Amino acid sequence: MEENHGRLVPQANEAPELALFNDVCGIIDNVRGEIALYANTKICLTKWEVGRRIKEDVLLDKRAEYGRQVVKRLSAKLTARYGKGWSDRTLLHCIRAAYTFTRDEIVYATRIQLTWSHLRSIMFIEDPLARQFYIEMCQIEHWDTRTLDDKIDGMLYERTSISRRPEETIKKELAEVSRTKTLVPDFVFRSDYFLDMLGLPDVFSESDLENAIVNQMELIIKEMGGSDFALLERQKRIVVDAVTYKADLVFFHRSLRRTIVVDLKLGKFKPEHEGQMRLYLRYINKHERHEWEESPIGLILCSEGNTEHIEYLMLDDNSPIKVAQYYTQLPDRKLLGEKLQRAIAIAKEYHHDHKKD
């Protein structure tokens, strides 16, 4: 009798009894999963219902101090009756959930295995599209609450390509991701990458940057978007008309089923960077792409940002080339937030003008 992935594999003479054992284990495991899902849904819905009841029947007075006192007194009575778990802080979270989510949204979130802790983090995001983005990413990437908090803290949504699309496009892509449970490029690529883990000096070369990235590949892949990224090659040789070019880094993304070519640049983005990357992508598409792969994507990482130049000059929704800024030291969060909001506004203005034309 041997064990395989937690199940016993029967020998010939033990087959009937062990087959029965494995089947019974399957039944018990399935029911346990259903019970856990049911319990999680009921916990989240109970807290949402509590918040809705307080919101609708108590806080209509609209006096903040009065509301706080009511919540505090209610918390004391609930704690006396039910024990810990109903602090005034918890009740305020319940109220926030009732203001933020519909009942159907709570049911959907728990169906895809988000917990109250996940919802508690997401409910403080003002933008409903950003909230939906994090909900879908939690499902696809299986984020625990600590990872989710880190992603929100790092302004992941604002840094992704999807945030720069028109509202209707964002809704459409969110719906598609929800339906297929599959990532799309706009969810993966970012406008800014934080490479502070590299420990680079104030002055460094593109070669120094590449070496540091390779030495810290595990952390870099985490910042790039997770374990779906796999490094295939560095300094990849591409020969065209007896001229040898070298692409800095080549990855493969499993969920997207695409080769990702990364070129590292010191300074701002320049138009000639696009031409060079386009050559790399066409070469790979013609000579190295498998039948089951999607077309390759290029990512040009620049040490300085020039958002308007990038948005107006070349990048549209269908471009296979993405341009992003990288930081070797974490930027000030407030300044980064202002920069990202400005970039999002420019991109949406561009889309609006482009649509009119």
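Computed from the coordinates by the stated procedures, all read-outs in this text should not be read as laboratory data. These figures come from a predicted structure and were not determined experimentally. Cβ atoms come from the backbone with ideal geometry, glycine included; neighbour counts cover every protein chain shown.
A few points about this structure:
- Rounded to whole Hz, the Karplus (6.51, -1.76, 1.60) HN-Hα couplings of the range 113-130, x for glycine and proline: 6, 7, 9, 4, 4, 4, 5, 5, 6, 6, 5, 8, 8, 6, 6, x, 5, 5
- Dividing the helix sum by the residues of the chain, where each DSSP H run of 4 or more adds -39500 (n - 2.57), gives a mean residue ellipticity at 222 nm of -18000 deg cm²/dmol.
- Note, ³J(HN,Hα) from phi for the range 176-182, Karplus 6.51, -1.76, 1.60, rounded to Hz, x at Gly and Pro: 5, 5, 4, 6, 8, 6, 10
- Relative contact order for the range 118-270, counting Cα pairs under 8 Å that sit 6 or more residues apart, in percent: 15
- Legend: calculated FRET efficiency, Glu17 to Thr115, from the Cβ-Cβ distance at R0 = 22 Å, rounded to 0.05, equals 0.05.
- For the chain, a crude dipole built from +1 on the beta carbon of Lys and Arg and -1 on the beta carbon of Asp and Glu, taken about the Cα centre, is about 1600 debye to the nearest 20.
- Candidate aspartates and glutamates for bridging to Lys246, where Cα separation is under 20 Å - those fewer than 8 sequence places away on the same chain excluded: Glu206, Asp208, Glu210, Glu233, Asp263, Glu272, Glu274, Glu288
- Sorted by Cβ neighbour density within 10 Å, fewest at the top, the residues Val214, Val250: Val214, Val250
- The charge dipole of the range 189-332, taken about its Cα centre with unit charges on the Cβ atoms of Lys, Arg (+1), Asp and Glu (-1) only, comes to about 540 debye.
- Residue-span extension gain [Ala76 to Leu37] - 0.36 nm each, minus C-alpha spacing: 11.1 nm
- Leu232-Glu49 FRET efficiency (beta carbon distance; Förster radius 45 Å; 0.05 resolution): 0.35
- Rounded to the nearest 10 degrees, the inclination of helix 88-100 to the longest alpha-carbon principal axis of the chain is 60 degrees.
- Spin-label pair Val203-Val107: with each label point 7 Å from Cα along the Cα-Cβ axis, the two points sit 6.5 nm from one another.
- Rounded tilt (10° steps) of 64-82 against the dominant C-alpha axis of the chain: 60
- Across the options Pro271, His142, Val239, the greatest Cα extent toward the positive end of the charge dipole of the chain (unit charges at beta carbon of Lys, Arg, Asp, Glu) belongs to His142.
- Of the residues Leu129, Gly154, Leu195, the one whose Cα sits farthest towards the positive end of the charge dipole of the chain is Leu129 (charges of +1 on Lys and Arg Cβ, -1 on Asp and Glu Cβ, taken about the Cα centre).
- (1) 23, 46, 27, 4, 0; (2) 29, 56, 15, 0; (3) 21, 35, 18, 12, 10, 4, 0, with the label sought being that of the calculated P(r) over Cα pairs in 20 Å bins from 0, in percent: (1)
- If R0 equals 30 Å, the separation of the Cβ atoms of Glu168 and Glu294 corresponds to a calculated FRET efficiency of about 0.80.
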